[in-house]
1. With the condition kept exactly as written, say whether any residue in the stretch 68-75 is loosely packed, with under 14 Cβ neighbours inside 10 Å and not aromatic (Phe, Trp, Tyr).
2. Any residue in the stretch 54-61 that is surrounded by 14 or more Cβ atoms within 10 Å (Cβ to Cβ), touching a helix residue (DSSP H, G or I) at 6+ places or on another chain (Cβ under 8 Å), free of Cβ contacts under 8 Å to residues at least 40 places away in the same chain and in a strand (DSSP E or B)?
3. Residue by residue through the stretch 18-53, note down the ones that are part of a loop (DSSP other than H, G, I, E, B), in contact with a Ser or Thr (Cβ under 6 Å, 6 or more places away or on another chain) and either modelled with pLDDT of 95 or more or at negative phi (or both).
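The values are calculated or read from the model by the stated rules, or taken from the named source; none is laboratory data. Everything numeric here is computed off the predicted structure, so don't read it as measured data. Glycine gets a Cβ as well: all are built from the backbone with ideal geometry, and neighbour counts include every protein chain shown.
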Amino acid sequence: MNNNESVTIHIADNGIGMKEEVKQRIFDHLFTTKGVGKGTGLGLAIARQIMVEKHGGTIEVNSVPGQGTEFAIVLPANR
């Protein structure tokens, strides 16, 4: 997709960022950083599935510990 055929949404924060091992698993089904019984770990896995399978787009995460995290969602403009 080139920029004329897609829409990109950036969502960023200036929080503590993610460790590399968390970043590598962030979209895994049932993965959570919360304690046992505190989270289902489904949100980002489902979000990625919707973006990729239903809309033909992508969702990526960039994070630097101590500097924050950014999610980039790219969706086709004419789908």
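1. First, pick out the residues of the stretch 68-75 that are loosely packed, with under 14 Cβ neighbours inside 10 Å: none.
No: zero hits.
2. yes
3. Step one: list which residues in the stretch 18-53 are part of a loop (DSSP other than H, G, I, E, B), which gives 18-19, 26-42.
Now drop any that are not in contact with a Ser or Thr (Cβ under 6 Å, 6 or more places away or on another chain), which leaves 18, 39, 41.
Answer for the stretch 18-53, where residues must be part of a loop (DSSP other than H, G, I, E, B), in contact with a Ser or Thr (Cβ under 6 Å, 6 or more places away or on another chain) and either modelled with pLDDT of 95 or more or at negative phi (or both): Met18, Gly39.
Every residue, every condition in (1) loosely packed, with under 12 Cβ neighbours inside 10 Å; (2) of a type in the set (Asp, Glu); (3) free of Cβ contacts under 8 Å to residues at least 24 places away in the same chain, yes or no:
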{"position": "His10", "(1), (2), (3)": "yes, no, no"}
{"position": "Asn14", "(1), (2), (3)": "yes, no, no"}
{"position": "Glu21", "(1), (2), (3)": "yes, yes, yes"}
{"position": "Gln24", "(1), (2), (3)": "no, no, yes"}
{"position": "Lys34", "(1), (2), (3)": "yes, no, yes"}
{"position": "Lys38", "(1), (2), (3)": "yes, no, yes"}
{"position": "Gly41", "(1), (2), (3)": "no, no, yes"}
